[in-house]
Amino acid sequence: MDLEAIFRAHQKEIFVYFLRTTGNGSLAEDLGQETFARACSSAVFFRGDSSVRTWLFAIARRVMVDHIRRRGPASVPMDSDAPGPAVDPSDRIAIEQALGALPITSREAVVLCDVLGLTPSEGADITGLNANAFRVRLHRARAQFREVYGDAR
Amino acid sequence: MPDNESDDRPLQLRDLAQTESPEIVRAALGRFRRRLLVRGLIVVLVVAAGAILYPRYFNPPRDLTSEIQHARGVELLRSVTAGGVEATVVRVVRLSGETLAPDRAIERFGIQLAVFSRSLQPGEQLVSLLESDPDHGILSFRTGTSDNFALEMWMSFVAGTRSIDIPFVGVVSGRSSARLAHPSLGTLHIDMQQIGVPDWIWR
C-alpha cells in the first residue's frame, strides 16, 4: 500500500478531527493538508511503534497546536457553518453550541473518543498524556458537554 | 479500566463524523512537493553562497608572503653571515598544515629572510639557488628584490626541519643573457635552535 493510499484511508477522520474541533470547514481543510504534508516529511522516521492512525492524529494535533500558537486560541472558534449530519437542524446547532462551549482541550478529547471513536488509550497516545490523565480530561469534558447540552445523550 | 468504559457513558456523537471530506491528500502531496522544492532550492543557494564566500573570508591566505605575514610567530631579527652574504631572519611563523598527497599531511613553518651582499659590483645581482625539496624539508619559497644587492625571501618548511642551507651566487644579467659573476657568494646555514626560534614554531 503506498503512502497516498494510506493517507486517503485516514483523510476523512483527520478532516473530521479538525472540523469538529475548529468548526470551520476551510480551516479544517487547510490544517488537514498541512497534516499530510508533514506526514510525508516524517514518514521515513515512522517506526511502527504506534498505529498509522495514532501517528497521523499525533501529527494532526501538533498542527493544531502550532496553529493555535501562531493565531491564538480565538483562531479555533466553533462556527456553525460546519457541514453536519442529517439531523434535526435545531438539534445539530445545539450539539455544536455545546461542543463549542468546551475549552479546546476538552473539545478535542470528546472529538477523538466520542465523535471519531478512538479509545481513551489512543487518545492518551495522541495527546501525550498518560492514560489516567486523559480519562480524567475526557470525563470532565463529557460532564461539561452534558451540562451545556443536557443529559439527553 | 477497559477502554471506552470511563466512569461515564460515551456521548453519542458519532453522527458528527458522518460528513463528506474534501480531497485533501492530493493537495497535501502537492504542498509537500512544493515545500521540498523550495527547501532544495534554499539548500542549493546556501551551498552556492558558501562555496563563493568561504574561500574569500575563511580560507587562510594561500600566497606565501601574506601567509607568513598573517601567521602566528615571532619577529626574530637575528643576523646570519656566510662568505659574502649577510642575512637577517626577520620573522619566523607557524603555518597551517598542508596535505601534500592524500596520505601525506604535514605541519609547516615559515621564515622571512632579508639577504644582502657587499661583494657584488654594480650590474651584478644576488641570486638564491635554493630549490624546493619536500624530502629535505623545503616546501616552497618566494623571492623579491628591492635592488640588485638585496633580496627578500619567504620560505616554508616541513615542521621539524632544524637547519637549512641556502646557497647564493652573483649574476650579471643583460637583456638577453646572464652570466655567473660569483659562482659562490656563500651558503647561509640557518639552524633554528642556534638562532633561537621557539620550539613550538619549527618542531
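Computed from the C-beta positions of B:Asp133 and B:Leu37, the FRET efficiency with R₀ = 56 Å rounds to 0.55. Determine, at each q value in 0.09, 0.11, 0.20, 0.21 (inverse angstroms), the log₁₀ of I(q)/I(0) that the Debye formula gives when each Cα of the stretch B:64-202 is one equal point scatterer. For the stretch B:64-202, the Cα-only Debye profile gives -0.28, -0.41, -1.15, -1.24.
Calculate how steeply helix B:25-57 sits against the longest principal axis of the alpha-carbon atoms of chain B, using the helix alpha-carbon long axis, and give the answer as 0 to 90 degrees to the nearest 10. In chain B, helix B:25-57 runs at an angle near 10 degrees to the longest axis.
Spacing of the modelled spin labels on A:Ala143 and A:Ser41, each 7 Å from Cα toward Cβ, amounts to 4.0 nm. Identify, among A:Leu116, A:Ile126, A:Ala143, the residue whose Cα sits farthest towards the positive end of the charge dipole of the stretch A:110-153, taking +1 on the Cβ of Lys and Arg and -1 on the Cβ of Asp and Glu, with the dipole about the Cα centre. Checked the options; the winner is A:Ala143.
A simple charge model with +1 on the Cβ of Lys and Arg, -1 on the Cβ of Asp and Glu and nothing else charged puts the dipole of the stretch A:3-149 at about 460 debye relative to its Cα centre.
Distance distribution note for chain A: the fraction of Cα pairs above 23 angstrom is 36%. Per-residue ellipticity at 222 nm from helix content only, as computed over the protein assembly as shown with -39500 (n - 2.57) for each DSSP H run of at least four residues, stands at -13500 deg cm²/dmol. Entry note: the protein assembly as shown has Rg to Rh equal to 1.47, where both radii use alpha-carbon atoms and Rh is the Kirkwood radius. For the stretch B:99-182, trypsin sites (Lys or Arg not before Pro) meeting the loop criterion (DSSP other than H, G, I, E, B) and having at most 12 other Cβ atoms within 10 Å: B:Arg118, B:Arg175. Ranking A:Met64, B:Ser96, A:Ala43 by Cα position along the charge dipole of the protein assembly as shown, where only Lys, Arg, Asp and Glu carry charges on their C-beta atoms, puts B:Ser96 farthest toward the positive end. Its Kirkwood hydrodynamic radius, worked out from the mean inverse distance over all distinct Cα pairs, puts the stretch B:22-104 at 18.4 Å.
Values quoted throughout were computed directly from the atomic coordinates according to the rules given, and no laboratory measurement underlies them. As the structure is a prediction and not an experimental result, all values here were calculated from the model. Cβ atoms come from the backbone with ideal geometry, glycine included; neighbour counts cover every protein chain shown.
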